[in-house]
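Every number here is computed from the coordinates shown, using simple stated rules; none is lab data. Computed from a prediction, not measured in an experiment: that's the story for all the values here. All Cβ positions, glycine included, derive from the backbone under ideal geometry; neighbour counts span all protein chains shown.
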Amino acid sequence: MIRLITTVLAGALLLAPTSTASATADNSWKLNSPDGTLSTNISLSDKGELCYDLSIDGKQIVTPSKLGFEMRGVLKAQQLEYESDGSIDKKDRQPHYSLHDGFTVLGTESSSFDETWEPVWGEESQIRNHYNETLVHLQKGSRLIDVRFRLFDDGLGLRYEFPECNDAPYLCIVEELTEFNLAGDYTAWWIPGDFDTQEYQFTKSRLSEISSVYPQALRGNDSQTPFSTGGVQTSLQMKTDEGIYVNIHEAALVDYPCMHLLVDCEKHTMRSYLTPDAQGYKGRIQTPAKTPWRTVQLARSAQEQLASRLILNLNEPCALEDVSWIHPVKYMGVWWEMIAGAGSWSYTDEYRSVKLGQTDYAASKPNGRHSANNDNVRKYIDFAAEHGFDAILVEGWNIGWEDWANCNKDYVFDFLTPYPDFDIAALNEYAHSKGIRLIMHHETSSSPRNYERHLEQAYSLMNQYGYDAVKSGYVGDILPEGTYHYSQYMINHYLYCVTEAAKHHIMVNAHEAVRPTGLCRTYPNLIANESAMGTEYQAFGGIKPGHTAMLPFSRLNGGPMDYTPGIFETDLNAWCGNGSTVGTTIAGQLALYVTMYSPLQMACDTPEHYAEHMDAFQFIKDVPVDWSESRYLEAEPQDYLIIARKDKNSDNWYLGGVTDEQVREFKIPCNFLEKGRKYVATIYKDAPDADYLTNPKAYRIERKTVKAGSTIKVKMAAGGGFAVSFEAQ
Ligand code: NOJ
Ligand code: CA
């Protein structure tokens, strides 16, 4: 069946021109959001600088902020010469020119748009995309540049567009100079700038405090930046003293480097700071081209911020004609035992530094700890099939793991050859006979060229054996040297893998790739990413409580995360000598299946550990992975979250809540339930004496009949949470 992701329900309404942007004086234009509560003033200064601001309910949140670029080359037709001589040695002798002042406005266009579209999977089954738009046509010398502003009721998107220019089609960016000047010293929840990873815990501080907390926030060659203070990553959640939630991110990151934010702590201003390429430049553009959207979301409450779909709305509609093969997945995996140290990815301890293909694994001595062996994989398949899962991830199935990490080699994995004790044909056949699919694993060891060389064969192998999803990974420094994980080169690589996968009807879950920017709307086979500190860190020293109450405001703003919840054996030391402390209770783990939205959800622990708590495991079995409606009931970043969601395929509702290290009590009115209907509520909660440090496994399960208007009382332990299923009668 062919199903289009975007069904235009309300009828896309494109009106142009309208009165939504009005010229208020010479060289200044006002844009209002559809409900009139947000407004943006766009203006051209005496120096020809284009500026914008942003207000909510008449209160300015972003003060006038300049837009533009510093470019390499000259602003004439001879730019072509500079760009095409290909000489990196001459780099420093290349002139730069400013594309942030001296602009003339050639004209503006205004329009409005209103549609309701249906995602293939999501937090709800319908999403409204409603905005007013102003397009400003600018000129400086021979260069034309447009800036498009879209104002929604929940925030602003703006992007640069470069019309086709045959005389000088190539641009080399020295820096993008998009400013976000904030009207106050807002509270921010941030992770430090880093061009290679987002795997950090969050810090809460005033903007003015960022540099003292983390002076060296940006890794890489940032010595020339005029901002001497700390840089942070997006999606950056902030809050004003008046309680307005402000979030800066980007949408539709395609063929462009990932944006960080440089913060001037004294003035509480910020500007874009792009990931450099190996030569230190910040992006290469061939006209016609457009940048990603720069976004500022505004909300009057934390709940409103969580309900914002601005990032998805700024992405293009689905590019795939047939999406019938894309589906949400609940899975288990041969994984946690390796992460925690109870098993190994590699088959032998003998061979190191041996060129791929020259290692005779069949003749080598097994290390006895290889987890991806036939018997172990069958055990997972049996358990997953018995309990209604869709899939099993198997890592460590392919040769090369003896010598993969930090080896700085370009040929470690071929993604094709199984270890001798992993029978790829028989295991897939066995899995399929029980209604389970195996999930492929491709650790690229950060060699994108090696991966691209093998990609077609690797995806064809998956098709041959019936795999329809791959977890890929990018551990280590990227080869070629000097290339960052968030550079334009890698941004293009990640999307290339997703679009090639779509041709093979394969869903992609990429770890260590760039944080998402809503591209899953356009390519819904991108079913998840990691791109933040996930559950694995519970085995790498632990994660402070509050992290999962933060992620929905930051990392999840761009798309779903493969957070891999579900730890039931919190005593990692007793299990396998892992000295880490798990920062949640069992009830807190159950909550994550509701609070951490993803169409790809893992139950990460082992069958043996689940077997010890089958009553609690019932919630993981029952909870859906696709929703028709979501309600954000209580929330404060990094403190607590309570979310209710309705199953897309039944009338059942689910509720989840998490807290940080504080014990919290809530009375939750069940107003979301259908009026006049009865539900059997099963409540999974922390026991009165539960505590993530001293008593994490203590939970209680209660059952009662409820209806709309009933109240559920819960007390969450320190580092705890709760989960409820409401079965419609
Ligand atoms: C890091 C990933 O996050 C993890 O899930 C994976 O098991 C390892 N890399 C090995 O690829
Ligand atoms: Ca990782």
Simple SL model, points at 7 angstrom along Cα→Cβ for Ser433 and Lys621; separation in nm is 2.3
Mean projected area in nm² (Cα convex hull; one quarter of hull surface) for region 439-569: 8.9
How are the C-alpha pair distances of region 614-657 spread across 10 Å bins, as whole percents from the shortest bin up? 26, 46, 27, 1
Which of Ala391, Trp189, Trp335, positive extreme of dipole for the chain (C-beta unit charges): Trp189
For region 605-692, with equal point scatterers placed on the C-alpha atoms only and solvent neglected, what are the log10 I(q)/I(0) values from the Debye formula at q = 0.15, 0.16, 0.17 1/Å, to two decimals? -0.73, -0.82, -0.92
About its Cα centre, how strong a charge dipole does the chain have in debye, to the nearest 20, once Lys and Arg get +1 and Asp and Glu get -1 at the Cβ? 1200
How much FRET efficiency would the formula 1/(1 + (r/R0)^6) give for Ser212 and Leu144, where r is the Cβ-Cβ distance and R0 is 51 Å, rounded to 0.05? 0.75
In nm, the gap between the two label points placed 7 Å beyond Cα toward Cβ at Asn463 and Asp26 is 6.3
Which value in deg cm²/dmol, rounded to the nearest 500, describes the helix-derived mean residue ellipticity at 222 nm for the chain, given -39,500 (n - 2.57) per DSSP H run of n ≥ 4 and division by the residue count? -4000 deg cm²/dmol
Please list, short to long, the whole-number percent of alpha-carbon pairs of region 690-729 in consecutive 5 angstrom bins beginning at zero. 6, 17, 28, 19, 13, 12, 5, 1
Could you work out the local net charge near Val680, counting Lys and Arg as +1, Asp and Glu as -1, over the other residues with Cβ closer than 10 Å to its Cβ? +2
Using a basic spin-label model with each label point 7 Å from the Cα along Cα→Cβ, how many nm lie between Asp571 and His96? 6.0
Taking the Cβ-Cβ separation of Lys365 and Glu636 as r and a Förster radius of 45 Å, what is the calculated FRET efficiency to the nearest 0.05? 0.25
Taking N as the residue count of the chain, its alpha carbon Rg divided by 2.2 N^0.38 Å gives 0.96
Find the Cα radius of gyration of region 365-442, compare it with 2.2 N^0.38 Å by division, and give the number to two decimals. 1.18
Fraction in percent of alpha-carbon pairs per bin - 10 Å, region 495-642: 10, 38, 35, 15, 1
Förster radius 35 Å - calculated FRET efficiency between Phe540 and Glu242 (Cβ-Cβ, nearest 0.05): 0.35
Averaging sequence separations of C-alpha pairs under 8 Å and six or more residues apart, then dividing by the length of region 90-139, give the relative contact order as a whole percent. 42
Mean projected area, convex hull of alpha-carbon positions in region 572-729, reported to one decimal in nm², is 9.1
Hey, what did the chain get for relative contact order, percent, Cα under 8 Å, at least 6 apart? 11
